[in-house]
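The structure under discussion appears below in the form of structure tokens.
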Amino acid sequence: MKPEQAQRLRDILLMLGALIMFSSYLFGEALLWVGMVVTFSGLIPHFLYNKCPHCGHQLRPWTHKAPYCPFCGKRVDGWAE
């Protein structure tokens, strides 16, 4: 999985989990726990796939604005320099 896809999946899971947690006020406490599990599962792709393909360092959340690794300086989006 590419870092952009991991960031997108992380964002979707975090927003979905927050929505489920907020809906627990209407539909019961069980949804609060489901929402927490979904929200924290959004961190899994972040830590597994949001790494520089060259040096392996964890990328910052704002890397999609500047597609270079802050540690090694190489592009992380697959384009040649």
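Structural remarks
- Where trypsin sites (Lys or Arg not before Pro) in DSSP loops with at most 15 other Cβ within 10 Å are excluded, longest remaining stretch of the chain: 1-64
- Kirkwood hydrodynamic radius of the chain, Cα pairs, Å: 13.8 Å
- Potential lengthening between PHE27 and LYS74 on full extension [0.36 nm per residue; Cα-Cα distance subtracted]: 12.1 nm
- Inter-probe distance in nm under a simple model that places probes 7 Å from Cα toward Cβ, at PHE40 and ARG60: 2.8 nm
- Under a model in which nothing but the beta-carbon of Lys, Arg (+1) and Asp, Glu (-1) is charged, the chain shows a dipole of about 280 debye around its Cα centre.
- In whole angstrom, segment 3-50 maps to an equivalent ellipsoid with semi-axes of 24, 9, 4, each derived as √(5λ) from the alpha carbon gyration tensor and ordered largest first.
Every number here is computed from the coordinates shown, using simple stated rules; none is lab data. Because the structure is predicted, anything quoted here is derived from the model rather than measured. Here Cβ is always computed from backbone atoms with ideal geometry, including for glycine, and neighbour counts include all displayed protein chains.
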